[in-house]
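The values are calculated or read from the model by the stated rules, or taken from the named source; none is laboratory data. Bear in mind that the values here come from a model prediction, so they are computed numbers and not experimental data. Please note: Cβ atoms are built from the backbone with ideal geometry, for glycine as well, and neighbour counts cover all protein chains shown.
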Amino acid sequence: MATTNRPLAPHIQIYRPQLTSVLSFSHRVTGIALSAGSVLLVIWLITAAAGEQAFYPLQSFLGSWAGLALLFIWTYSLFYHLCNGIRHLLWDSVIGLELASVYLSGWIVVFASAILTAGAWIAASLMAP
C-alpha cells in the first residue's frame, strides 16, 4: 500500500468555517467562560465575607474597564450558553433539525444573546445609584 501526503481532514487553510461549527465551538468557549466567571463569583463572595479590606481591591478591579469587560463577556457567555442550551433541548425533542431551521435557530441564538446582554446591562445601569 502506497501512502500519500494528503491531509486526513479538511485543512485549515482551505476549510471555510460554517455557522454550525462556529456556534458549536462558541458553545464550548462560553461554557469555559462561565466556569471561570463562577470561580470569580465565589472569590467575590469570599472577599465580601472576609471584610472591607479584602473586598475593596476586588470590587475596585471589577469597577475598572478591564473588570467591566470581563463582566460583559461573562454576561454574554451566560445568555449565549442559555439560548444555545434551549436550542439543543429543542433538537433533543426532534424540533428544528432541518438544515434551514438549524441555521435560522443559530442566528436567533446569536441575536437573542446580544439583545439579552444589552438588556441586562441597560437595566443594571438604570438601577445603579
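All of (1) among the aromatic types (F, W, Y); (2) within 21 Å of L116 (Cβ to Cβ); (3) touching a residue at least 12 places away in the same chain (Cβ under 8 Å) hold for W91 with one exception: (3). When V94 is tested against (1) over 19 Å from the mean Cα position of the chain (by Cα); (2) closer than 16 Å to H27 by Cβ, only condition (2) is not met. Against the conditions (1) modelled with pLDDT under 95; (2) under 24 Å from F111 (Cα atoms), I32 satisfies every one except (1). Among the residues of segment 37-57, the ones that are more than 18 Å from L116 (Cβ to Cβ) and in contact with a Leu (Cβ under 9 Å, 6 or more places away or on another chain) come to 5 in all.
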